[in-house]
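First up is the structure itself, then whatever we jot down about it.
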Amino acid sequence: MLKQAMILCGGSGTRLGSLTASTPKPLLAVGGAPFLDVLLQELGRHGIKDVVLLAAFEAEQVQGYIQDNAIARRFGMTLRLSIEPERAGTGGAVFHAAEFAEPEFLLLNGDSWFDINLLGFGETTASAGVGVVMSVREIDDATRYGVVEMQGDKVVDFLERPRAPGPGLVNAGVYRVRKSIFSSLEPKCSFERDILPKLARDGRVAGVAQRGYFIDIGVPQSYASAQIEIPARQCRPAVFLDRDGVLNRDHGYVGTVERFEWIDGAREAVRALNDRGYLVFIVTNQAGVARGHYTENDVAVLHAHMRRDLSAAGAHIDDIRYCPYHVDANVDRYRQASDWRKPEPGMLLDLIAAWNVEVAASHLIGDQPTDIEAGRAAGVAAHRFAGGNLADFVRGLGLI
């Protein structure tokens, strides 16, 4: 389970002139908040809990940013800082963070955003000798860019310009890194210009080509565009999934890992929805708590188990709501009516309030009439799943 990310925050941003004269690029305001907020939000919703910021220029400002950070609190993230002893380049910044590194971690540029499923690439790190998996972006006209050349899934070369006009692959600044490559790093080096080409020559770099929204705020024109584009991109459609009978087989009051069994195609469906850019939520009535069959702690353990299984499949759930209340509860403190209990839409409305949801383009999938009522009451398209393979069902809806 991928647990850690490092973010490169040390560049001085000279192309932005006075904007970065005394401010690190990742802390520049985009849509009224530091650009780093975008990256932390993405890491948090993907379940990454340990984030190391690699700083150099104006490092004390990065230190101030991580103090009592609201996004870290929201997702239960730990933020740590690694400061270069002197300006060391992007590869040197990683070299000096060796003491923090997990055996495998994500590495992100702190001044760009590639809107992809961060868990959904990198399986080829299991291949013999691969130390880095790059996310590369397909663009229609690569003539102005340095390009990545691939043979199969291996990166074989980096060119300052493509060999011919037309489409090409460019480095999108998102990497899945194994700690085994630290022996190739130096105290001062560029990860892009020195380390990746050397590793590629040895057959140790793989690439995954993807088409997703990409922006680099490192030049004035794109920084200006980011003020409009990023807030618009962060408003996403969501898919709300009932749990028992949709994600897992409903054996009746499923409240423990021992009784949990995935529905066919459930993990594949969640990953495909992640890949398509949907927010994916679970909304589930859990009357088993009210009736005393299991506890809220049991529910938390089971949901953590689901998240681990999904992470291993390159998938994630963005957020979960459940209702433990019932008017006929056996446990006194849960005996009450609740607007979170479907068919009431409370759980969906709470998620819509907490996240930037494009409601008109959102969907609910449930197996009971109460699910459908809740979805419609919240203003989202509602679909009844009657069993079978969930990925096939979602595909039939045209969502993946």
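Every number here is computed from the coordinates shown, using simple stated rules; none is lab data. Being a predicted model, the structure only gives us computed values, none of them experimental. Methodologically, a virtual Cβ is constructed for each residue, glycine included, from the backbone with ideal geometry; neighbour enumeration extends over all protein chains shown.
Worth pointing out:
- When the chain is treated as a Gaussian network with alpha carbon springs shorter than 10 Å, the biggest mean-square fluctuation among Arg87, Arg163, Arg176 belongs to Arg163.
- Choice from Arg15, Arg204, Arg137 showing the highest fluctuation, given a GNM over the chain with Cα pairs closer than 10 Å: Arg15
- Viscosity 1.567 mPa s, temperature 4 °C, Stokes-Einstein D of the stretch 4-234 from Kirkwood C-alpha radius, µm²/s: 72
- Cα-based shape type of the stretch 191-248, given that a ≥ b ≥ c are square roots of the gyration tensor eigenvalues and the cut on a/c is 1.5: oblate
- Calculated mean residue ellipticity, 222 nm, the chain: -7500 deg cm²/dmol, from DSSP H runs (n ≥ 4) at -39500 (n - 2.57) each, averaged per residue and rounded to 500.
- In the stretch 185-283, GluC sites (Glu not before Pro) in a DSSP loop with at most 13 other beta-carbon atoms within 10 Å: Glu261
- Evaluated at q = 0.21, 0.23, 0.25 Å⁻¹: base-10 log I(q)/I(0), Debye formula over Cα of the stretch 58-154: -1.39, -1.45, -1.50
- Sorting the segments 317-330, 269-282 by their residues' average number of neighbouring beta-carbon atoms within 10 angstrom, most packed first, yields 269-282, 317-330.
- Taking other C-beta atoms within 10 angstrom as a stand-in for reagent exposure, Asp50, Asp339 fall in the order Asp339, Asp50, fewest first.
- Taking the chain as a Gaussian network of alpha-carbon nodes connected by springs under 10 Å, the highest mean-square fluctuation of the residues Ser225, Ser12, Ser82 belongs to Ser225.
- The amide H of Met6, built 1.01 Å from its N in the peptide plane, has Val52, Leu106, Leu107, Leu108 as neighbours under 5 Å, considering only residues 5 or more places off or on other chains.
- 0 to 90° range, to nearest 10: angle between helix 369-378 axis and the chain longest Cα axis: 50
- Model label zone, Arg80; criterion: amide N under 14 Å from point 7 Å along Cα-to-beta-carbon; scope the stretch 49-74: 49-55
- The calculated FRET efficiency for the pair Val359 and Ala29, based on their C-beta separation and a Förster distance of 25 Å, comes to about 0.35.
- Integer Hz, Karplus 6.51/-1.76/1.60 couplings in order for the stretch 56-68, x for Gly and Pro: 8, 4, 6, 4, 5, 5, 5, 4, x, 4, 7, 6, 6
- Bridgeable lysines around Lys198 (alpha carbons under 19 Å apart, same-chain partners fewer than 8 residues away excluded): Lys154, Lys179, Lys188.
- Cα gyration tensor category, rounded, prolate or oblate, for the stretch 238-396 with a/c compared to 1.5: oblate
- Taken one residue at a time, the phi angles of the stretch 143-153 give Karplus couplings (6.51, -1.76, 1.60, θ = phi - 60°) of 5, 9, 10, x, 10, 9, 9, 10, 10, x, 9 Hz. Gly and Pro are set to x.
- Of His293, His46, the sequence from fewest to most neighbouring Cβ atoms within 10 angstrom is His293, His46.
- Sparse-neighbour loop sites [GluC sites (Glu not before Pro); the stretch 54-90; at most 10 other C-beta within 10 Å; DSSP]: Glu86
- Integer Hz, Karplus 6.51/-1.76/1.60 couplings in order for the stretch 349-362, x for Gly and Pro: 5, 5, 5, 4, 6, 7, 10, 8, 9, 7, 4, 5, 9, 9
- Order of Tyr175, Tyr294 - criterion: other Cβ atoms within 10 Å of each residue's Cβ, fewest first: Tyr294, Tyr175
- Matching label, Cα extents along the principal axes in Å computed from the structure shown, candidates [x] 64, 51, 39; [y] 62, 44, 41; [z] 66, 44, 38: [z]
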